[in-house]
1. Counting Lys and Arg as +1 and Asp and Glu as -1, what is the net charge of the other residues whose Cβ lies under 14 Å from the Cβ of residue 61?
2. Return 159, 291 ranked ascending by Cβ neighbour count within 10 Å, so the fewest neighbours appear first.
3. In what order do 193, 155 fall by count of nearby beta-carbon atoms within 10 Å, going from fewest to most?
4. Taking only pairs that are 8 or more places apart or on different chains, how many Lys pairs in the chain have Cα atoms under 27 angstrom apart?
5. What translational diffusion coefficient, to the nearest whole µm²/s, does the range 70-194 have by Stokes-Einstein, given a Kirkwood radius computed over alpha-carbon pairs, a temperature of 4 °C and 1.567 mPa s viscosity?
6. Of 239, 121, 205, which is farthest along the charge dipole of the chain in the positive direction, counting Lys and Arg as +1 and Asp and Glu as -1 at C-beta?
7. For the chain, modelled as a Gaussian network with Cα springs under 10 Å, which listed residue fluctuates most, 120, 132, 258?
8. Could you compute the net charge surrounding residue 326? Neighbours are other residues with a C-beta less than 12 Å from the C-beta of residue 326; K and R count +1, D and E count -1.
Amino acid sequence: MNAAFLVNRLGIRFERRPTTSVAMQTVAVLLALAVSFLVSASLIHLAGADVAKAITLLFKGAFGSQKAVINSLVQATPLIFTGLATAIAFRARIWNIGQEAQVFAGAMMAYWATLHMAGLPRGIVLPATIFLGFLGGAILGGIVGLLREKFRVNEIISTVLSNYIVLYALSYLLSEPWRETGGYHQQSAKVTEASRYPAIEGLSPLHIGFLIAIAVTLGLYVLLAHTPLGFKIRAIGHNPRVAAFKGINVASMSILVLVLSGGIAGLAGSGELFGVTHRLRFDSLQGLGYTGIIIGVLGGLNPLGVLLAGMLFGCLLQGALYMKVLAGVPNAIASAMEAIILLFFLCSTVISRYRVRRLK
């Protein structure tokens, strides 16, 4: 049964609204969140847990105290970075699915550098770790961009494959050269004190990575909305042929976008390494890149929207820890909730942009 047949049978059609008010968009998003929580509650019930207790613990774990809010922001920090990496790439209609690899690359590059900076003062080491975290992801993004523009390799294929390549490279490094001496786990030794991100005064364990994420968010917003470079990025996303006709070098811009996207994702990796775990290992970084794609879409590919979506998911992850430990809710429920929220958010976007008209 095709769409045209269905429309004729029901006597209705869908029309795109000429404009969508902020109020309508807000109502649609709130409705999507409400329905998402209802569906999630059903899953919790099916898992055999007390729904009321689980939802209460979810909110308590995310917002119940100053410590809970701080921990939620710690969880949100890398997600904001990977969401922003998604936003800038997708705004240019470049499907960077390799944030996962770029997160690891940023952490690996920064960690490698600290091995050669032992004894240097904090004023040199700390800025170097931030810059090299960006550089690691940017190099990987640039390679994808070159493959795309010079050899016509589809970026979806190259970025997905890069996720596996970098993962296996790290697996080797943590098995042999970088493995902690005398250790039994696949992890590096702890990084030096000079390279660790300092905590924000009075908000420990929230570190300066969160402030960097805020700065990158504001910078990216200004870049995309108020600069010639941002106009070019939006132009190639809207119509690359018209952009080329207007004199924009689409190939160079595409490579630049992937460099920026990869670099921002790399900041997530270095931030987690030097701000939270203080040692390089798999479990602290896995999933950040893929979740960032959800956050980028949920934020409407707008840096300010990504900031809010990243905080929302940070709260969700922090609250899910309470649900898991105190209410016996399976850990997979949190991942399912992420997908459910995205699904209903996309539905709300369609509902707010289209209206139903009855055929005469």
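1. That works out to +4.
2. Values: 159 29, 291 22.
So the ranking, lowest neighbour count to highest, is 291, 159.
3. Details: 193 9, 155 22.
The most exposed by this proxy come first: 193, 155.
4. Final tally of qualifying lysine pairs is 8.
5. Working: Rh = 16.0 Å.
The calculation lands on 81 µm²/s.
6. So the residue furthest toward the plus end is 239.
7. 120
8. Surrounding charge for residue 326 is +2.
All of the numbers you see were taken from the coordinates with simple rules; none came from a lab. Not measured: the values here are computed from a predicted model. Backbone-built Cβ (ideal geometry, glycine too); neighbour counts: all protein chains shown.
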